[in-house]
Amino acid sequence: MIKNTSKTVSQAWREFLRLESAGGLILVSAAVLAMILANSPFAEAYTWFLEMNLTVMIEGFGVSKPLLLWINDGLMAVFFLLVGLELKREVVEGQLSSLDQIVLPALAAIGGLAVPALFYWMVNKDAPMGINGWAIPTATDIAFALAILSLLGSRVPASLKIFLTTIAIFDDLAAIIIIAIFYSADLSTTALLAAGIGVIGLLVLNRLGVQRLAAYVLVGILIWLFVLKSGVHATLAGIVVAAFIPLKGGDEHSPSRHLEHILHPWVAYGVLPIFAFANAGISFSGISSDVVLGTVSTGIVLGLFFGKQVGVFGMTALAIGLGIAKKPEGSNWAMLYGIALICGVGFTMSLFIGSLAFEHGDFTQTAATRIGVIVGSLASAACGWLILHLSLPKAQENPE
C-alpha cells in the first residue's frame, strides 16, 4: 500500500511539472499577444472586449460585472480551487507532509516574502498612493518559473524542480492569507453569514462521506457568490471549497484527486493564459517617464529582481549553513542561486495582487504595476536561466 501511494504521488508530481511547464509557455504567449493588441490598431477593440458588461441574474439576485472582473474574480477562483486541492494533497501525503521536506522551502519562501516587501516599502514609504502595492513583488508564478526550467530540459535535477515548486506553493498560501487580511474591504455581515452557512453545508457533506463532486461544486458556487457579495475577495472561496472535498490517501479516484485531474489542464492551458491576456496588455501611448521610473514600478522591479533573490537565497544559505536543512540532492550553490533568481518571476500572481492593491486606482498605477511586474519578471527569468545554464551539468552528463 505504501509503495502504491508513493508511486501515485510520484506520478502526480511528474504530471504537475509537465502541465505547469507547457502552460507557462502558453501563458507567456498570451501576455505577448495582449501587449501587441494593446499597442496596435486593435487596441480599442481589446479594451472594449474586456470592459464588456456581463450579467447573470435570477429573480433579481445575481452578478453584473465587466468581463475583466469575471476573469479576475471568477476564473481565478477556479485557479485557487486547484491551488487548494494541490495544497491539501501535498499536506496529506506529498512534499508538505514531512517536516524534513518542508523546512528548507518554507524558510526560503519566508525570506522571499519578507525581503521583496521590504524593498518595495523602502521605495514607497513616502508615497501614500503606492504603499498599498507592497505585496505585489512577494509572489512567484509557478507556471512561468517551471516553463523556464523546462527550457533546460533533463539537465535540471528533479530535486530542484520540487524545491522551486514547493517554494511557489508556500508563496500561493501566503498570497491567500495576504488577500484575506489586507485586500478585503466593506464587509457585508449578511453575505458572510450566508457564505458561512454554505461552509457548514460542505462540512456536513464531508462528514456524511458524500463522494459526488456535483454536490460540492453546487454548494461551492453559492459560497463563491456570497463571498463575492461580502467584500472578501471571491477567489478565497476556491480555497475553502477545496478544503472540504474528500481526499482518500492513495485513492486515485477520490473526489479531490479526480477534480484536480480535471482542472489542471483547464487551468494551465486556459485560466492562467486568459488571465494573462486580460491583465498584461499595456498601452505605451501616453505613458511618461514618471510612470516607468515611478515609485510603484521601481519598487516592484527591485522587489522581484533583488528582493526575491536576496530573501530566497539568503534564507536558503542560512538554513543550510546552520545545519537546519540540507541542499536538495544533486544541487550546488550556483544552482540554488539560479532558483532564487527564478523565484523573482512574479507575473500572473503579481499582476493579480496588483489588480487588488490598486483596484480603485487610476491608469498610472495600473500601467506602473504591469510595467514593474513584466520588467522584474523578465529580468529574473533571464538571469536565472543564465545562471542555471552555466551551472548545470551538460545534458550527456546527467541522463534521465
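No value in this document is a laboratory result; all are computed from the given coordinates. Note that the structure is predicted; figures quoted are calculated from it, not measured. When we count neighbours, we look across all protein chains shown, and the Cβ atoms used for this are built from the backbone with ideal geometry, even at glycine.
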Looks like the range 281-400, by Cα gyration tensor root eigenvalues a ≥ b ≥ c and the a/c under 1.5 rounded cutoff (else prolate when a/b is bigger than b/c, oblate otherwise), is prolate
Taking Cα pairs closer than 8 Å and at least 6 residues apart, the relative contact order of the chain in percent is 29 percent
Computed from the beta carbon distance with a Förster radius of 45 Å, FRET efficiency for THR189 and VAL32 to the nearest 0.05 stands at 0.55
Rounded to whole angstrom, the alpha-carbon centroid of the range 225-242 lies from that of the range 351-394 at a distance of 26 Å
Answer in debye to the nearest 20: the dipole magnitude of the chain about its Cα centre, from +1 Lys/Arg and -1 Asp/Glu charges placed on Cβ, is 820 debye
By the Cα gyration tensor axes a ≥ b ≥ c (a/c under 1.5 gives rounded; else a/b larger than b/c gives prolate, otherwise oblate), the shape of the range 265-307 is oblate
One finds, for ASN206 and TRP121 with R0 = 45 angstrom and r their Cβ-Cβ distance, a FRET efficiency to the nearest 0.05 of 0.65
Under the Karplus relation with 6.51, -1.76 and 1.60 and θ = phi - 60°, whole-Hz ³J(HN,Hα) for the range 190-197, x at Gly and Pro, equal 4, 5, 5, 4, 4, 5, x, 4
Computed, not fitted: 222 nm per-residue ellipticity of the chain from DSSP H runs ≥ 4 (each -39500 (n - 2.57)), nearest 500, equal to -22000 deg cm²/dmol
Extension length gain for GLU44 and LEU151 (0.36 nm per residue less Cα distance), in nm, is 35.0 nm
Residues LYS327, LYS125, LYS394 in order from fewest to most other beta-carbon atoms within 10 Å are LYS394, LYS125, LYS327
At the level of C-alpha centres, the distance separating the range 112-145 and the range 158-198, in angstrom, is 17 Å
With +1 at each Lys and Arg Cβ and -1 at each Asp and Glu Cβ, the charge dipole magnitude of the range 245-400 around its Cα centre, to the nearest 20 debye, comes out at 260 debye
Residue-ordered couplings for the range 148-163, obtained by feeding phi - 60° into the Karplus form 6.51 cos²θ - 1.76 cosθ + 1.60 and rounding to whole Hz (Gly and Pro as x), are 5, 4, 5, 5, 8, x, 6, 5, 7, x, 4, 4, 6, 4, 5, 4
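Given the Cα-Cα distance of LEU213 and VAL292 and 0.36 nm per residue of separation, how much length would full extension add, in nm?
My answer for the length gained is 23.7 nm.
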A chain fully extended from SER391 to LEU99 at 0.36 nm per residue, minus the present Cα-Cα distance, gains in nm 102.2 nm
Taking a ≥ b ≥ c as the square roots of the eigenvalues of the Cα gyration tensor, with a/c under 1.5 meaning rounded and otherwise prolate when a/b exceeds b/c and oblate if not, the range 107-158 is prolate
